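Take a look at the structure set out below.
Read-outs throughout are calculated quantities, based only on the coordinates presented, and are distinct from any laboratory measurement. The shown structure was predicted, so the numbers you read here are calculated from the model rather than taken from an experiment. Virtual Cβ from ideal backbone geometry, glycine too; neighbours counted across all protein chains shown.
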Amino acid sequence: MKTLVFVGGGHAHLHCLEQVKSEALENLRVVLISPSRHQYYSGMFSGYTEGVYNLDDIRIDLAKLCEKIGCTFIKDTIVAVDAQAKTLKGEGGTVYRYDLTSFDIGSRTAIPDALKEHVSSIKPNYRFPEQLLRLRNSSHPVIVGGGAAGVELAFSIQAWRKNHALRANTILLSSTSLLANEGAAQSKKIEAIALQKKLPFFTDASVEAVEEQQVIATNGESYPQTDVLWLTGPKSDDIFRNSALPTDGDGFLLVNRALQSVGHPTIFGAGDCISIDRYPKLEKNGVYAVRQGPILWKNLKSSLSADKLIPFKPQKHFMSILSTGDGEAFLTYGKRSIHGKIPWKIKQRIDRKFMKQFKDLYE
């Protein structure tokens with residue numbers, strides 16, 4: 001009997017686990033190893049922050065899911081890979097053997113070493129709930145990062161505070177214009193929405209230091225703070241580089257278009273933890289992870305039977321919807337955009353459908 005080990009419960013792996021239940025492959029032992037029993041869905045973080053969703057709404061019980069579909073769940077953090085011996089090492093020293101393994105562990109947040117003790121992050125995402133609840137109640141919350149995550153959570157915290165009669169002291173700091181990767185037109189639109197909703201934001205303001213009661217920025221200004229949430233760009237987990245696996249220049253697991261390690265054919269990966277050699281500048285986005293799921297599953301099965309692998313081809317455009325609080329959202333698709341209550345309803349429908357798809361497997 002061969003052993004397939006999934007490391008991490010990300011979007012692509014959830015699809016694979018769903019297929020394990022429906023296909024019931026013979027002579028295959030399937031194992032899921034994750035540092036948390038629950039996998040949290042980042043698409044609903046803003047709704048949870050604002051109080052629209054409760055904790056169970058935004059998480060999938062991996063242990064229950066595995067029990068229902070007949071695979072083994074192990075709560076552990078994998079810290080090393082021995083590609084030659086085909087083994088994984090857990091945090092406590094336990095060694096797990098595999099015939100095939102796949103990583104879908106997401107990314108970390110690129111926090112400068114000098115600031116790590118003074119700021120918080122929501123990655124890994126099982127740390128998210130208690131940190132966000134603390135931050136939204138803090139008297140002067142500061143969010144650092146003008147990308148999608150920073151903008152969305154800043155709006156959500158601001159909305160929650162207003163609805164609970166707390167002073168709207170949320171501050172958003174960004175080294176660039178807001179949503180800069182979306183282009184100048186979309187950036188101007190989201191900044192106009194922030195002004196309309198009275199969300200204080202400051203662009204071209206990188207953080208220089210975090211002191212006990214203030215954040216000092218490179219624009220020469222200082223801002224009061226009681227909690228700082230750091231939501232800048234992604235950083236790779238150290239496991240791949242420390243295990244001498246092929247990586248890109250930033251330490252992400254380097255895979256080919258079949259989502260297979262370029263150096264070790266028994267190792268696969270998906271989601272934010274990988275870099276595809278053919279698409280080195282592909283954005284770290286959950287949309288790609290979801291679309292990688294079916295390709296990953298087909299290639300894992302093909303690898304077990306020595307069949308031909310198929311390539312993943314990323315889509316050029318995709319829809320993005322960011323909550324802006326108070327039952328509204330900002331929808332973009334290419335150069336088109338719309339803001340208001342309809343995009344929020346669309347987002348809710350998509351997010352609830354995604355969660356129901358996997359919760360129905362065990363509830």
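Tabulated data for the structure shown
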item	result
The stretch 270-363: relative contact order as a whole-number percent, Cα under 8 Å and 6+ apart	14
P(r) of the chain over all Cα-Cα pairs, binned every 20 Å from zero, in whole percent	29, 57, 14, 0
Value at 222 nm in deg cm²/dmol, rounded to 500, when DSSP H runs of n ≥ 4 in the chain each add -39,500 (n - 2.57)	-9000 deg cm²/dmol
Cα-based helix-to-principal-axis angle, 341-359 vs the chain, degrees rounded to 10	30
Peptides ranked, highest mean first, by Cβ atoms within 10 Å: ranges 274-283, 292-301	292-301, 274-283
Overall dimensions of the stretch 190-263 by Cα: Rg and Dmax, Å	19.2, 51
Sparse-neighbour loop sites [trypsin sites (Lys or Arg not before Pro); the stretch 139-168; at most 10 other C-beta within 10 Å; DSSP]	Arg167
Crossing angle, helix 128-137 versus the chain [Cα axis fit, 0-90 degrees, rounded to tens]	10
The stretch 145-216 - convex hull of the alpha-carbon atoms, volume per residue in Å³	83
Per DSSP, loop GluC sites (Glu not before Pro) in the stretch 203-271 with at most 13 further Cβ within 10 Å	Glu211, Glu212, Glu221
Global form of the stretch 103-205, assessed from the alpha-carbon gyration tensor, a/c cut-off 1.5	oblate
